[in-house]
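One structure below.
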Amino acid sequence: FHAGIYRTEKNKGTLYELTFKGDAKHQFKKIVLFRPFGPVMKVKNENVNMADTLINVIVPLAKRASKFRQFMQNFREMGIQQDGRIHLTVVYFGKEQMNEVKSILENTSKSANFKNFTFIQLNEEFSRGKGLDVGARFWKGNNVVLFFCDVDIYFTAEFLNSCRLNTQPGKKVFYPVLFSQYNPSIIYGHHDSIPSLEQQLIIKKETGFWRDFGFGMTCQYRSDFINIGGFDLDIKGWGGEDVHLYRKYLHSNLMVIRTPVRGLFHLWHEKQCLDELTPEQYKMCMQSKAMNEASHGQLGMLVFKQEIETHLHRQKLSSKKT
């Protein structure tokens, strides 16, 4: 197989052009297929009641108490007050800032009359995959929807229903594509002009991008996660474990639903490129950092800031002369 293209024509159907390599050099074989639009066929008509469908939100964490406070404000409003069918499992690594995190959790529990939470502490090096795996297996109740989440994620009550509707035990798992926020300081200019978090959550190409290369936020039933073998616990630190799990689901009999969703945001935070990285790794880290800072056009405005200011100065001088 060499290449293929398809084109969908309104009111007609989809035309496929498939090109294969021939028997001799420079020879190709082209196959054209046409799939016409046919009459709509009803496949299923059913009522779906999600009133009793609980979601267990699992958050692995180490330090980052201030981020956790921000996360809990979102969780309280969307998860507790608006949705109400939710459980929170925090898997905490180490002891630094642990008491502060527990205090935030307990204060939310008291003020919102919320008892559906679990706090698990592990005395070991942070591993996102290990934290999620421990949190998922710790659950002792009936089969439940698991939402693997990070502390720098903002979600809406609408997303929680999408999580429920796109998962089905033994049949479907959900891999939403979230919207990733650019650096607000660059987007909105001076610190004083940065709007509130809720006002920042606007889906536009100037404010962020669809993180279609990320597979960390996912919804699935606990039974499916256990049956597929969970995370690869040999993967340490942050990253890699999510892609490994995604591939296992792709190669299973489960349907993987992958689509952008409007109610799931990755909040911007500064990316650190460590000194111990090799020059090549450091370069790649800086490239990734740049991609998360701002759009191509916005970064260009920063690079050419001096030239732009010089041009404006010349324009002012020219207008004064005339």
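The values are calculated or read from the model by the stated rules, or taken from the named source; none is laboratory data. As the structure is a computational prediction, the values presented were derived from the model and not from experiment. Glycine also receives a Cβ, built like all others from the backbone with ideal geometry; neighbour counts cover every protein chain displayed. When the accessible area is computed, the model is the full protein with side chains, heavy atoms only, and any ligands, DNA or RNA have been set aside. Shrake-Rupley method; radii C 1.70, N 1.55, O 1.52, S 1.80 Å.
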* Asked: List, please: which pairs have Cβ atoms under 6 Å, are six or more places apart or on different chains, and start with a residue in the stretch 1-26 that is not assigned by the TED database to the domain that holds residue 40 and end with one that is open to solvent by less than 100 Å² (accessible area, probe 1.4 Å) and part of a loop (DSSP other than H, G, I, E, B)?
  -> none
* Structure fact -> By residue number, the members of the stretch 9-31 that are open to solvent by 80 Å² or more (accessible area, probe 1.4 Å) and either in contact with a Ser or Thr (Cβ under 8 Å, 6 or more places away or on another chain) or at pLDDT 90 or above (or both) are 28, 29, 30
* Give the residues of the stretch 188-211 that are at pLDDT 80 or above and either in contact with a Cys (Cβ under 7 Å, 6 or more places away or on another chain) or among the acidic types (Asp, Glu) (or both), sorted by residue number. => 206
* To do: Go through (1) surrounded by 16 or more Cβ atoms within 10 Å (Cβ to Cβ); (2) more than 17 Å from the chain's Cα centre (by Cα); (3) touching a residue at least 60 places away in the same chain (Cβ under 8 Å) and name the single condition residue 61 misses.
  => (2)
* Asked: Just a yes or no: is a residue in the stretch 75-87 in a loop (DSSP other than H, G, I, E, B) and either open to solvent by 30 Å² or more (accessible area, probe 1.4 Å) or modelled with pLDDT of 90 or more (or both)?
  -> yes
* Wholly within the stretch 116-156, which strands (runs of 3 or more DSSP E) include no fewer than the required count, namely at least 2 residues that are open to solvent by less than 10 Å² (accessible area, probe 1.4 Å) and assigned by the TED database to the domain that holds residue 77? -> 145-148, 153-155
* Taking the stretch 157-167, which residues are in contact with an Asp or Glu (Cβ under 9 Å, 6 or more places away or on another chain) and either of a type in the set (A, V, I, L, M) or surrounded by fewer than 23 Cβ atoms within 10 Å (Cβ to Cβ) (or both)? -> 157, 160, 161
